[in-house]
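*Asks:* Here's a structure for you.
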Amino acid sequence: MPLSSPPLLPAQLTPRQGSRLVDYDDLLRFTADVFRRCGLTSARAAVAAEALCYGDLTGMDSHGLTNLTRLYLPLFEQGRVDAAAEPMLTTDAGAAVRQDARGALGLWSAAAAMDLAVERAGRFGIGLVSVHGATHLGCAGYHAARAAHRGMVGIVASNCGRQRIARPPGGLRTLLGTNPLSIAAPAGAHHPFVLDMSTTVAPTGRVRAAARAGQPVPAGWLADDAGRTVTDAAAFDRGEAHLRWLGGAAETGGFKGFGLGLAVEVLAALVSGSGRGPEPAALDADGGPSGRDDDIGFFVAAVAPGVLRPEGEVAADAASLFGTVLDCPPADPAAPVRYPGWAEAERAARHRADGVPLSAALFGELTDVAERFDVAAPVVRAEEAH
Ligand SMILES: NC(=O)c1ccc[n+]([C@@H]2O[C@H](COP(=O)([O-])OP(=O)(O)OC[C@H]3O[C@@H](n4cnc5c(N)ncnc54)[C@H](O)[C@@H]3O)[C@@H](O)[C@H]2O)c1
């Protein structure tokens, strides 16, 4: 397996100055302790902690621990998540089931849904768990990769309930959330393929991280009402700019991103019967973000190619497919060609060994949380000077 450094993802915007390198196992311990204090069982807290820390471990840090104080603890405080909820199957058709998550913590319930999808796929070749009544699942890729680690293809799509962030191209009202989509697959001896993305050009978390760091966002992420490019990240929360779809303007493929966002709404919300972004009431809003991300819908599926043809053949073909991609001659010899999931896996291995970098500001937030919940703060291994 090639070991050269992976290219940086486009927007690692978190300031590095004074970052702490935190022991990964202890970060999991801290996060699980906090979730236990919020009422989760130890088993649920451990899975939820792994799902949340996955963001920081892999560098998808817009959906890592930064969301503990911004999203998950407020959900508990506002009674919008039920730590003890028992998700219930309301339809069981064998390969496909419908589940009411009953407001359980999405970080845990999406993982449990994928485990059920994998179990059904082992029997039928495919397993679908269609979830409504769900709450925020964090990084979709964490849950999709659970299937890849068991030799299957995992597909996860989540809508954002009735939360509306992005407008249709050419429209004046927000109608959809950032609707993440992830597809993961084993790649033989190579790192698993894990495509994990918002269907908008970036999630709001990355725009807000840039605003907090006083940095601009790349041209193409934000536009004003007239469609002009905006790079001032803070303009988003001032209501002076809106988030674009993957592909950007209509001429550069924005309808493909918008179409993908709607496809997620179909798979995750229409199939399950969860809350939806586009509903007539949305047209009464003032054009800025509106609605709440309650009653979220998940599409959680596993496909087991090994049920259809010999597992050894599938594994050899996957190794060849992704190995050929890795062997593609690069335009820049210093930037080897990689596929989605590769850099995240390399980073995760490095962070497991050396510690997970957390900005000084985020570490401060976690220390405050530790005090508030009377749990031990995460153990720092080193402080990064640069
Ligand atoms: N729960 C929610 O409501 C919600 C909403 C939006 C996003 N998210 C999550 O936010 C996270 C970040 O999303 P994002 O859109 O900012 O992701 P991103 O733009 O960082 O990456 C998108 C994909 O591109 C791949 N990629 C990026 N640079 C690459 C390179 N140089 N070589 C090869 N592959 C490369 C990544 O591996 C990834 O699969 C994801 O985990 C997503 O699930 C969650």
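*Asks:* Which numbered condition trips up Thr174, out of (1) within 14 Å of the ligand (Cβ to nearest atom); (2) part of a loop (DSSP other than H, G, I, E, B); (3) surrounded by 20 or more Cβ atoms within 10 Å (Cβ to Cβ); (4) touching a residue at least 60 places away in the same chain (Cβ under 8 Å)?
*Replies:* Among (1) within 14 Å of the ligand (Cβ to nearest atom); (2) part of a loop (DSSP other than H, G, I, E, B); (3) surrounded by 20 or more Cβ atoms within 10 Å (Cβ to Cβ); (4) touching a residue at least 60 places away in the same chain (Cβ under 8 Å), the lone unmet condition for Thr174 is (1).
*Asks:* Across region 339-362, which residue is farthest from Val194 (Cα to Cα) among those that are touching a Pro at 6+ places or on another chain (Cβ under 6 Å) and buried (at least 20 other Cβ atoms within 10 Å of the Cβ)?
*Replies:* The residue in question is Ser359.
*Asks:* Can you tell me which residues in region 218-255 are of a type outside the set (A, V, I, L, M), assigned to a helix (DSSP H, G or I) and surrounded by 14 or more Cβ atoms within 10 Å (Cβ to Cβ)?
*Replies:* Once the filter is applied, which keeps residues that are of a type outside the set (A, V, I, L, M), assigned to a helix (DSSP H, G or I) and surrounded by 14 or more Cβ atoms within 10 Å (Cβ to Cβ), region 218-255 yields Gly254, Phe255.
*Asks:* Could you please give the count of residues in region 305-329 that are exposed (fewer than 13 other Cβ atoms within 10 Å of the Cβ) and without any contact (Cβ under 8 Å) to a residue 24 or more places away in the chain?
*Replies:* The number of residues fulfilling the criteria is 8.
*Asks:* Could you list all residues from region 328-371 that are touching a Leu at 6+ places or on another chain (Cβ under 9 Å) and over 20 Å from Ala185 (Cα atoms)?
*Replies:* Within region 328-371, Pro336, His351, Arg352, Asp354, Gly355, Val356, Pro357, Leu358, Leu362, Glu365, Leu366, Val369 meet the criteria.
*Asks:* Collect the residues in region 346-366 that are touching a residue at least 40 places away in the same chain (Cβ under 8 Å) and of a type in the set (D, E, K, R), keeping them in residue-number order. Walk me through it before giving the result.
*Replies:* Taking region 346-366 and keeping what is touching a residue at least 40 places away in the same chain (Cβ under 8 Å), we get 346-348, 351-352, 354-363, 365-366.
Result: Glu346, Arg347, Arg352, Asp354, Glu365.
*Asks:* Can you confirm whether region 267-278 contains a residue that is out of contact with any helix residue (DSSP H, G or I) (no Cβ under 8 Å at 6 or more places or on another chain), within 15 Å of the ligand (Cβ to nearest atom) and of a type in the set (Val, Ile, Thr)?
*Replies:* Looking for residues that are out of contact with any helix residue (DSSP H, G or I) (no Cβ under 8 Å at 6 or more places or on another chain), within 15 Å of the ligand (Cβ to nearest atom) and of a type in the set (Val, Ile, Thr), one finds none in region 267-278, hence no.
*Asks:* Of all residues being more than 8 Å from the ligand (Cβ to nearest atom) and part of a helix (DSSP H, G or I) in region 179-217, which is farthest from Leu243 (Cα to Cα)? Just the residue, please.
*Replies:* Among those that are more than 8 Å from the ligand (Cβ to nearest atom) and part of a helix (DSSP H, G or I), it is Arg212.
*Asks:* Right, Met88: touching a Lys or Arg at 6+ places or on another chain (Cβ under 8 Å), free of Cβ contacts under 8 Å to residues at least 40 places away in the same chain and on the phi < 0 side of the Ramachandran plot or not?
*Replies:* yes
*Asks:* Can I ask one more? Go through region 32-151 and tell me which strands (runs of 3 or more DSSP E), entirely inside it, have 1 or more residues that are buried (at least 20 other Cβ atoms within 10 Å of the Cβ).
*Replies:* Here the list reads 96-100, 126-134.
*Asks:* Check whether at least one residue in region 146-153 is touching a residue at least 24 places away in the same chain (Cβ under 8 Å) and within 10 Å of the ligand (Cβ to nearest atom), and report yes or no.
*Replies:* no
*Asks:* If Arg164 satisfies every condition in (1) under 18 Å from Gly297 (Cβ atoms); (2) within 11 Å of the ligand (Cβ to nearest atom); (3) touching a residue at least 40 places away in the same chain (Cβ under 8 Å) but one, which is the exception?
*Replies:* (2)
*Asks:* How many residues, within region 238-253, are within 21 Å of the chain's Cα centre (by Cα) and more than 12 Å from Pro203 (Cα to Cα)?
*Replies:* 2
*Asks:* So Phe322 passes all but one of these: (1) under 30 Å from Leu128 (Cβ atoms); (2) more than 13 Å from the ligand (Cβ to nearest atom). Which condition number does it fail?
*Replies:* Condition (2) is where Phe322 drops out.
No lab work stands behind these numbers, since they all come straight from the coordinates. The model shown is predicted, which means the values in this text are computed figures rather than measured ones. Reconstructed Cβ throughout: ideal geometry from the backbone, glycine too, with neighbour counts over all protein chains shown.
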